[in-house]
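Remarks on the structure that follows.
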Amino acid sequence: MPKVALFVTCVVDLVTPDTGFAAARLLEAAGCEVEFPGGQTCCGQPAVTAGEPEAASRLARHFVKVFEPFDAVVAPSGSCVAMIHHWYPQLLDGAWRRRAESVAERTYELSQYLVDVLGRADVGARLEGTVTVHDACHMLRHLGVRDAPRALLGVAGATVVEMTESETCCGFGGTFGVGHGVLSGALADDKLGHAAAMLDGELPPEVAADVTAAGLDLLPVAGEVGPRCSCPDDADPCKHSAAVCYLVADALDADPFTVLLLRGRTRGEVLAGLAFRF
């Protein structure tokens with residue numbers, strides 16, 4: 001039984017913790033002994049993109065020390081795994097670089113590990129419906145992972161429909177989405193528009209029920225360039241990050257993407273975002 005360390009990443013830890021629990025369940029279903037090293041922190045990618053290589057190097061050395069003892073390191077994030085593979089050898093030198101390269105050789109994105117390493121596309125999951133896949137930049141370009149997520153979805157019973165420009169950037173880019181909100185939002189709108197095509201303009205009944213229950217509307221807000229804050233006390237459009245909307249989603253016990261995309265969005269934009277739920 002492989003001994004696997006789960007690296008949950010900052011976003012999963014702070015924004016979507018259910019993803020971490022789901023990743024652990026998938027690995028256990030594939031026959032892995034899953035451990036969660038308590039000393040884990042950030043992989044260092046935000047520091048690199050902010051132009052702080054020294055801070056990134058400290059985080060890289062800490063990552064290596066924490067995860068060296070394990071047979072494999074698995075993360076539900078192609079971006080963070082790409083950071084370890086691509087940047088650690090550039091940030092570190094000497095013995096630290098050799099240690100980092102050794103850890104990188106056995107560090108994998110979740111679907112990559114399940115399908116390409118373990119050969120377990122069937123992990124007992126079942127999903128009926130139509131889905132589309134966005135090929136994340138780092139996962140595709142740095143790791144070369146494209147087929148593994150589709151294999152998992154196909155074996156689970158889903159119908160995978162390829163959207164136009166599945167390999168085009170979604171606009172997030174870590175801190176890029178914070179510092180360049182208008183450009184980031186435009187890229188995201190294009191991506192969501194491509195995903196919406198597979199829904200043929202129809203709002204699935206279960207999603208429509210979520211909308212009604214949350215008391216949200218589908219009316220556009222003039223001049224808006226991004227999702228509204230969703231804060232009841234904030235009547236004006238703002239440029240807060242998506243994380244704010246996730247917090248509101250948690251408070252409403254609603255799907256995060258529903259809350260993120262409904263406030264201040266047109267019907268077409270809402271349908272686009274909800275495509276990612278299927």
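Every number here is computed from the coordinates shown, using simple stated rules; none is lab data. Values in this document were obtained by computation on a predicted structure and should not be read as measured data. Cβ atoms come from the backbone with ideal geometry, glycine included; neighbour counts cover every protein chain shown.
Things to note:
- Note on Glu33 and Arg98: the model spin-label points, each 7 Å out from Cα along the C-beta direction, lie 2.8 nm apart.
- In sequence order, calculated HN-Hα J values of region 2-17 (Karplus, 6.51, -1.76, 1.60; Hz; x Gly/Pro): x, 8, 10, 9, 8, 9, 7, 6, 5, 5, 5, 4, 9, 10, 10, x
- Listing Met1, Met83, Met163, Met139 from fewest to most neighbouring C-beta atoms within 10 Å gives Met1, Met163, Met139, Met83.
- Computed lengthening from Glu162 to Ala125, 0.36 nm per intervening residue step minus Cα-Cα distance: 11.2 nm
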